[in-house]
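The values are calculated or read from the model by the stated rules, or taken from the named source; none is laboratory data. Nothing here was measured: the structure is a model prediction, and the numbers come from that model. Positions of Cβ are generated from backbone atoms using ideal geometry, with glycine treated the same way; all protein chains shown enter the neighbour counts. Surface areas here come from the heavy atoms of the whole protein model, side chains and all, with no ligands, DNA or RNA. Shrake-Rupley method; radii C 1.70, N 1.55, O 1.52, S 1.80 Å.
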Amino acid sequence: NDVRTRRRLGHAGLILLAFFHCGRVWLSNIGRARAFRISRAAQPEDSTADGTDWDQELRRVTERLKQKELQEEGLSATKPLFRQSDEWTVERVELQDGVPPVGSVLMANPRSFLDKVTPVAAMRTGWMPSLESSRRDKARLPVVLITRRTADSLQGVLLGSWSGKLLGDMDAQYFMTRPLYIGGVNVSGLSMVHSYPEMPGSWELIDGLAASDDFNMACDWIENGPGSALRFKFFWNQVVWRMDEIDELAPEQGIWIPVTVSGDLLLREPDSSFEDPLWAQYALKAGGELKELGERFGLFPPDA
């Protein structure tokens, strides 16, 4: 309810969320991508420069908060929460009745986003890279986690598009160190992906991974239940396909490539801003066609 939401998110947070809501018009298409992704100084191809001064400071603050939160939860502040393991997998997935199943991940086909741009698909995610961009910018191709199928739509969240804000920036009393990601250009409010399918109000995506849109329940879950704030990922807005737009997802269209990604890999946060974009990371793990496409369009670092 409104009282509990104000208590937990704060008045400043509500104002910021209203800003995101009202800004959807001028944040469409390329403007939206530029406004919400972290500004980066002009860099030569494959430069290891760590973005702008603002970018670096945000990352430093985030890391300090994360270390503090790990210590408060009795975890090691020097070891990553999600260790690299053989269980971090990315594999191709079959469609169900011509539609990617809930819990699958759609990876943009570089042919349709870099070579012959498909405007509708690019506008749907608000992400329109260019062949003239640097390698890292080209590799920031859309990656969408499918979170829900209804009678009239298929819904998902854009992965890896950080808003530059933490929930603590919105005066949230819980999840202060959690980054807020931009989930898409379709206005839908706040949603989350987490590792607690048993949390009330949640629905399962894949084994051990669930989605929810009840922020108050999530607060209760970590305050009074068994939950850890580090096992949640937050998104503002989403990507939506109406049922008459589902044909865009058909393999013969060559726009999206569906895969499955292990839950821990989906939930992990970047260890540093030196990491490659998610599309490149997932494509290397998937191998096969995705790796071949990444190599053809020059989306991987030289030592990949």
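Arrange the residues Asp276, Asp115, Asp244 by how much accessible surface each exposes, largest first, with a 1.4 angstrom probe.
Result of the area sort, largest leading: Asp244, Asp115, Asp276.
Listed highest first by mean packing, meaning other Cβ atoms within 10 Å per residue, what order do 232-239, 192-199 come in?
Values: 232-239: 24.1, 192-199: 19.9.
Output ranking for 232-239, 192-199: 232-239, 192-199.
Considering only protein heavy atoms, what is the solvent-accessible area of Asp271 at a probe of 1.4 Å, reported in Å² to the nearest 10?
My reading of the accessible area for Asp271 is about 90 Å².
Dipole magnitude of region 83-167 about its Cα centre, charges +1 at Lys/Arg Cβ and -1 at Asp/Glu Cβ only, in debye to the nearest 20?
Magnitude of the dipole: close to 340 debye.
Charges only on Cβ, +1 for Lys and Arg, -1 for Asp and Glu: so what's the dipole of region 205-277 about the Cα centre, in debye to the nearest 20?
Details: 4 positive and 15 negative charges, 42 e Å.
Its charge dipole is roughly 200 debye.
Could you give the radius of gyration (one decimal) and Dmax (whole number) of the Cα atoms in region 147-292, in Å?
For region 147-292, the Cα-based Rg and Dmax read 16.0, 49 Å.
Just how much of Glu91 is accessible, in Å², when a 1.4 Å probe is used and the result is rounded to the nearest 10?
We get 110 Å² for Glu91.
Step through the residues of region 143-160 one at a time and calculate ³J(HN,Hα) from phi using the Karplus curve (6.51 cos²θ - 1.76 cosθ + 1.60, θ = phi - 60°), rounding each to whole Hz and writing x for Gly and Pro.
Residue by residue, region 143-160 yields 10, 10, 8, 6, 10, 7, 10, 10, 5, 10, 7, 10, 10, x, 10, 6, 9, x Hz.
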